[in-house]
Number of protein chains: 4
Amino acid sequence: MVCSVAFTEKPQLNDPVLIEGLPGIGFVANVSALHLISELHGRKFAEIVSSSFQDFAVLTADGGWSSPLNELYYVKRSDGGRDLVIWYGNTQALTTPGQYELCGKVLDVAQELGCRVAVSLGGFKREEVKGAPGVYAAATDEVSLKEALGLVTGTRVMVGHIFGVAGLVVGLSRLRGLASFALLVDTVGLYPDPVASKVALQAVAKYLGLVVDLSGVEGSTNQTKKMLESFGLVRNIADEKKKEEEALRWFI
Amino acid sequence: MVCSVAFTEKPQLNDPVLIEGLPGIGFVANVSALHLISELHGRKFAEIVSSSFQDFAVLTADGGWSSPLNELYYVKRSDGGRDLVIWYGNTQALTTPGQYELCGKVLDVAQELGCRVAVSLGGFKREEVKGAPGVYAAATDEVSLKEALGLVTGTRVMVGHIFGVAGLVVGLSRLRGLASFALLVDTVGLYPDPVASKVALQAVAKYLGLVVDLSGVEGSTNQTKKMLESFGLVRNIADEKKKEEEALRWFI
Amino acid sequence: MVCSVAFTEKPQLNDPVLIEGLPGIGFVANVSALHLISELHGRKFAEIVSSSFQDFAVLTADGGWSSPLNELYYVKRSDGGRDLVIWYGNTQALTTPGQYELCGKVLDVAQELGCRVAVSLGGFKREEVKGAPGVYAAATDEVSLKEALGLVTGTRVMVGHIFGVAGLVVGLSRLRGLASFALLVDTVGLYPDPVASKVALQAVAKYLGLVVDLSGVEGSTNQTKKMLESFGLVRNIADEKKKEEEALRWFI
Amino acid sequence: MVCSVAFTEKPQLNDPVLIEGLPGIGFVANVSALHLISELHGRKFAEIVSSSFQDFAVLTADGGWSSPLNELYYVKRSDGGRDLVIWYGNTQALTTPGQYELCGKVLDVAQELGCRVAVSLGGFKREEVKGAPGVYAAATDEVSLKEALGLVTGTRVMVGHIFGVAGLVVGLSRLRGLASFALLVDTVGLYPDPVASKVALQAVAKYLGLVVDLSGVEGSTNQTKKMLESFGLVRNIADEKKKEEEALRWFI
């Protein structure tokens, strides 16, 4: 199995852009993707299961059932703008090979659907965030970097490491000849962060020439929080992230 | 190899139902499956070996030989009721990818044989169990949940995590469009539990309109206990389970 | 790659028997296989590399080069007796899936060459061994067990666990319809043990109706010891074995 | 995915020699390969990504982007000498199976391009190095060993272990019928070592009858150092190496 995609539909899209929205630091990508799906009436067209997801299930009081899962949604626009492919989910893969497989699979699908650009979102972990959060951009190429830097005033070039899917999307895009940029927003990172998510959403909206109502972002944040609480996992996020960083090993 | 199925027969079955019966908390599924096979004269039609099983063998005083193994049995009914596919074994897989492979393989076989429903059984670990053990249900959909809740009086909706194969069966079934429910019964969980197993068997019998003689469940329990003792593993079960729970990591 | 076999020859053999001879407790199988190859003029016909072998190389003062490697030899007999396929090597695989792959691959080759019987040898770890070492047998079936018990006077039925390749050969043989037995000989287990190896060789010789000169077993033992010393590993064997046993996990 | 090679060109080469140049002890191979590419105007013709590389990205102040990556370069010579295939990269694989896959893939490409010889370079870790560093050679065969011993005056036969890709290249070459030798140069091993790299480069130049200007080796060393610093990893190298050695396990 390894990593299997089950399609319910293969949409015809207009020059679509892939938006990565998996859980990560501050759940910036995750809240943003959920909000985009809800505001733009995204339609789910594929479900992805990886054998590198955790083998458990989470059950809620109303009989709800959650398994580790990734999903792909599309948004067709009537204003002539570029369509969206939104990659949403409740988990990343547990292992490094699993992360590569998952990312590779989603980029395969995105390219098959005609995507030439992949946008990845994320949080930049800070001890505290005062005032408007800073934004950092990284990209596959200078043109994309310039474009990413121009979306939110004051955005700076990202320096340092990006872990997980947010970095992998851009790295693997480059090898495939896709243009890609990552936008990281300052966040304390323990809880789903509506402030950082709004900044990320503004950037995506500007990039795509979209109007996105941000008044409901707190709602999307609470929905993400509830999902996490049902998993009993919110308290562990910071620790997990630390362990992950400690586990870093650049093998020589 | 990864996970290979060796068939001795491909049975023609009447609207069959898959019953999962691997070792787990309280060995509820394992004792129940063994009892069903013995009472209903199940016929083995496939053996499954995964490279994620432990690489060892266990030998008994009478020259008996046990390797980690999963087996599939079928029961053809003469009363016109739905047939059974029983998934029995002495182990689950050692790794998360191995669990996914194993589950996926068994569901492949089940679907090939015409199964549209998968039932998974399990124990719900308690410090102590007084009186009749509680029962908890989880399902892929509302219809299945309602059906599962109606099998044993007082069954409640399961809330929380289900680890291992019991949860994976339902999670993967949902992605494949199979109906599936899990029934978990209160148990102290250290030893094969005949009381919890009887409750699980009553539920399965009611679901399938079967008459199952439960007077021999203690015998099936002792057989399971003997198997475990020959493996020298009974004492470690509680610890193992704890380690497994500690190992939980929802990767973000 | 996973596990690749490079053939230099595909021998035509007469009802051959596979003899497993990888390093293990007391190096009983390893010394025995080396001795059989040298006494019976075994010809190497295949080399096996697994990606689950350690990624290192060992170099000796004379420019010699050792990589983790398994090899297959054959012995064609002129006395009309059954031919031999000897599985020799300087390592087992590092991981459980690697062990399964390796064993499965060798059994594939053995079956392709017409083997219907697989014999696995090993040591049975003891604190001390006084007098003639005890011998223990395990088998896929009663006929093979009876045959194995009759090879050395006083051989008893093995009770307990067999770890690693010695157990896997018999376990996987059973699933493939091959007859197989394992012979384990008492040994202190830290160093290549010529006494235990002689007992194993006597049993194999009797089973195959072979005359094997045992006067050179000390030489084969020293050759094995030298190989191990060049790897700088002899001291760690007991510890490794202990760790391996601790790592045992029968997953439920 | 596992390990994928993306070609931009398939060069026609004259009896080419593969030169391994991944990061390792003292970065001897890495600095040497970088220097050869720059001095001989190597052209990149393939990029390699393995799912056993770390899943992160590194970003520099000028908007630069680094992912774990291996690359293949070729050098076509106008002097009638043998052409070069240079294997450069910023990482080895994280796991043993990943190392085997990566090495096997690169040797596949090398053989497809006509390489009959593979040269691997490396550092030999010392507490201190006084005067001219010692050189050690290991090879697939006596002819190659003799040739390797003759390249730098005073080169001795290597005795002991070679970890990682440097050893794997020679080990796997032998199994494929490729000639191969490794040259290891004394180094303290914590930082990219220009002195040891010069010795390695002199040997390669002599072997191939090449003129290589060594005045710029310090530049290549600094470039390697900068790459490492941007990864924030230089300080950890010695520790990592120690951990790797501790992790050695020759499984029996």
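Any read-out appearing in this document is the output of simple, stated calculations on the displayed coordinates, not a laboratory observation. All of these numbers come straight from a predicted model, not from anything done at the bench. Positions of Cβ are generated from backbone atoms using ideal geometry, with glycine treated the same way; all protein chains shown enter the neighbour counts.
Tabulated results
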read-out: Relative contact order of chain D, pairs being alpha-carbon contacts under 8 Å that are 6 or more residues apart, as %; value: 24 percent
read-out: Within 10 Å of each Cβ in A:163-174, the average number of Cβ atoms from other chains; value: 5
read-out: Rounded to 5, the percent of DSSP beta bridges in the range A:1-131 classed as antiparallel; value: 65 percent
read-out: Global form of the protein assembly as shown, assessed from the alpha-carbon gyration tensor, a/c cut-off 1.5; value: oblate
read-out: Theoretical FRET efficiency, 1/(1+(r/R0)^6), r = Cβ-Cβ of residue D:15 and residue A:153, R0 45 Å, to 0.05; value: 0.15
read-out: The protein assembly as shown, dipole about Cα centre (Lys/Arg Cβ +1, Asp/Glu Cβ -1), debye to the nearest 20; value: 60 debye
read-out: Under the Karplus curve 6.51 cos²θ - 1.76 cosθ + 1.60, θ = phi - 60°, whole-Hz ³J(HN,Hα) for the range C:135-144, x wherever Gly or Pro sits; value: 10, 10, 10, 9, 8, 6, 7, 5, 4, 5
read-out: Calculated [θ] (222 nm, deg cm²/dmol) that DSSP helices of n ≥ 4 give over chain C, each run adding -39,500 (n - 2.57); value: -11000 deg cm²/dmol
read-out: Radius 12 Å from Cβ of residue A:102, net charge of other residues (Lys, Arg +1; Asp, Glu -1); value: -3
read-out: Residue mean of other protein chain beta carbons inside 10 Å, C:91-104; value: 6
read-out: Cβ-based exposure ranking for B:62, B:83, in which fewest neighbours within 10 Å come first; value: B:62, B:83
read-out: Surrounding net charge for residue C:111, when Lys and Arg each add one and Asp and Glu each subtract one, Cβ distance under 12 Å; value: +1
read-out: The range B:21-162: relative contact order as a whole-number percent, Cα under 8 Å and 6+ apart; value: 23 percent
read-out: Pairwise label distance in nanometres, residue B:112 with residue A:130, each label 7 Å out on the Cα-Cβ vector; value: 6.6 nm
read-out: Among the listed pairs C:44/C:130; B:146/B:198; C:44/C:206, those beyond 28 Å (Cα-Cα); value: C:44/C:130
read-out: Cβ-based net charge around residue B:209, under 14 Å, with every Lys or Arg adding one and every Asp or Glu removing one; value: -1
read-out: Neighbour-count order for D:51, C:78, fewest beta carbons within 10 angstrom listed first; value: C:78, D:51
read-out: Value of relative contact order over the range C:1-98, rounded to a whole percent, pairs C-alpha under 8 Å and six or more apart; value: 36 percent
read-out: Euclidean distance of C-alpha centroids, the range B:1-74 and the range C:47-125, integer Å; value: 30 Å
read-out: DSSP-defined beta bridges in chain D - what % are antiparallel, rounded to 5; value: 55 percent
read-out: Student exercise, chain D dipole from Lys, Arg, Asp, Glu Cβ charges, in Debye to nearest 20; value: 320 debye
read-out: Estimated distance in nm for a label pair at residue D:5 and residue D:143, the labels positioned 7 Å out from Cα along Cα-to-Cβ; value: 2.4 nm
read-out: Anisotropy class of the range B:28-129 from Cα gyration tensor, a/c 1.5 cut; value: rounded
read-out: Cα-projected label distance for residue A:191 with residue C:61, points at 7 Å along beta-carbon direction, nm; value: 7.0 nm
read-out: Sequence of B:75, D:169 once ranked by neighbouring C-beta atoms within 10 Å, starting from the fewest; value: B:75, D:169
read-out: Shape call, chain D: gyration tensor on alpha carbons, a/c limit 1.5; value: rounded
read-out: Which of D:69, D:40, D:178, positive extreme of dipole for chain D (C-beta unit charges); value: D:178
